[in-house]
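The values are calculated or read from the model by the stated rules, or taken from the named source; none is laboratory data. As the structure is a computational prediction, the values presented were derived from the model and not from experiment. For neighbour counting, all protein chains shown are included, and Cβ atoms are generated from backbone atoms with ideal geometry for every residue, glycine included.
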Amino acid sequence: MDKAAMYKLTYGLFVLTAKEGQKENGCIINTAMQVTTDPNRMIIVVNKANYTHDMIMRTKEFNVSCLGENADFDVFRHFGFQSGRNVDKMTADYPHAENGIPYIGDVTNAYISGKVVSETDLGTHTMFLADVTDAKVLGGSESLSYSYYQKNVKPAPKPEKKTGWVCKICGYVYEGEELPADFICPLCKHPASDFEKL
Ligand code: FE
C-alpha cells in the first residue's frame, strides 16, 4: 500500500473553539465538513489529547473558524502547538458568536457554530456530529487548504542539521539516528509515521 496516497485527500484547516464556564479555549483541526444540508449538519474530528476536545465532550457546543490564506505560522504556533491546560490561549479580545463561544475574527473567512448530536469514539480521536446553529462569512480570503499550509505557511526545516527526523505536520526536528516507533510529536501530537528522515 502506498500510504502517500492519503496525502492526496484535501483538507482545510480550522480553529476549533469552546467555552466551559469562564474557560475559553481553542485548537487547530483539519477535519471539519458539512455532511447533510437538510438538516444542516457537520462533523468535526478532534484529537483526544486536545483540551478543547474534553470541553466539547462536556458542553456539546463549539465554533469552527475557517482559516484563510492570510493566516501565518504564528496562528498555528498559538492554537496548535501549546495546550489550553497550561496556557490561556484566549487572552486577545476575540469576538463571540450567538452561542457565547469565541471565534477567530481575523485570519479567517467564516465561522460556523455547532451543537453536538452524537459522538463516535475513533480511538485517538472523537468524531462529533453536530447541528449547525449559526454561521457567518467574515472575509474574502481564500480558505487555507492543508496543502497550502504545507507549501507556504510551515517553516522549511533547517538544512544544516546533522541527523534526525522532521515532523511533516509542524516542522519539529527530532535529533537522532532512530526515531522511536511510539514517538509522538511534542508540538502537534502527530505520531512517528508523520516524520521523515532529514
Ligand atoms: Fe509535529
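Key figures for this structure:
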| read-out | value |
| --- | --- |
| Selection from segment 177-198 of residues that are modelled with pLDDT of 90 or more, farther than 23 Å from HIS125 by Cβ and part of a loop (DSSP other than H, G, I, E, B) | GLU178 |
| Lone unmet requirement of (1) within 16 Å of the ligand (Cβ to nearest atom); (2) under 30 Å from TYR94 (Cα atoms); (3) exposed (fewer than 13 other Cβ atoms within 10 Å of the Cβ) for GLU196 | (2) |
| Subset of segment 1-45 that is touching a residue at least 12 places away in the same chain (Cβ under 8 Å) and acidic (Asp, Glu) - its residue that is nearest to THR59 (Cα to Cα) | GLU20 |
| Among the residues listed as ILE28, ILE43, ILE101, the single one being out of contact with any Leu (no Cβ under 9 Å at 6 or more places or on another chain) and either modelled with pLDDT of 95 or more or over 27 Å from PRO186 (Cα atoms) (or both) | ILE101 |
| Residue among ALA110, ALA71 that alone is in a loop (DSSP other than H, G, I, E, B) and of a type in the set (Gly, Ala, Ser) | ALA71 |
| Close pairs from segment 167-179: first farther than 13 Å from HIS190 by Cα and in contact (Cβ under 8 Å) with a residue 40 or more places away in the chain, partner basic (Lys, Arg) and within 14 Å of the ligand (Cβ to nearest atom), Cβ under 7 Å, at least 6 apart | none |
| Segment 163-178 - residue that is within 12 Å of the ligand (Cβ to nearest atom) and over 21 Å from ASN152 (Cβ atoms) and, of those, surrounded by the fewest Cβ atoms within 10 Å (Cβ to Cβ) | TYR174 |
| Single condition SER141 does not satisfy, out of (1) in a loop (DSSP other than H, G, I, E, B); (2) more than 15 Å from the ligand (Cβ to nearest atom); (3) over 25 Å from HIS53 (Cβ atoms); (4) without any contact (Cβ under 8 Å) to a residue 24 or more places away in the chain | (4) |
| Test: MET55 is closer than 15 Å to TYR146 by Cβ, outside any loop (DSSP other than H, G, I, E, B) and at pLDDT 95 or above | no |
| So LYS158, is it over 17 Å from the mean Cα position of the chain (by Cα), within 16 Å of the ligand (Cβ to nearest atom), modelled with pLDDT under 95 and of a type in the set (Lys, Arg) | yes |
| Boolean, TYR146 is under 19 Å from CYS27 (Cβ atoms) and in contact (Cβ under 8 Å) with a residue 40 or more places away in the chain | yes |
| Within segment 70-85, tally of residues that are buried (at least 16 other Cβ atoms within 10 Å of the Cβ) and in contact with a Leu (Cβ under 9 Å, 6 or more places away or on another chain) | 6 |
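Here is a yes/no grid of residues against (1) under 20 Å from LYS115 (Cα atoms); (2) within 12 Å of the chain's Cα centre (by Cα); (3) part of a loop (DSSP other than H, G, I, E, B):
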{"position": "MET6", "(1), (2), (3)": "no, no, no"}
{"position": "LEU16", "(1), (2), (3)": "yes, yes, no"}
{"position": "GLN34", "(1), (2), (3)": "yes, no, no"}
{"position": "MET42", "(1), (2), (3)": "yes, no, no"}
{"position": "VAL45", "(1), (2), (3)": "yes, yes, no"}
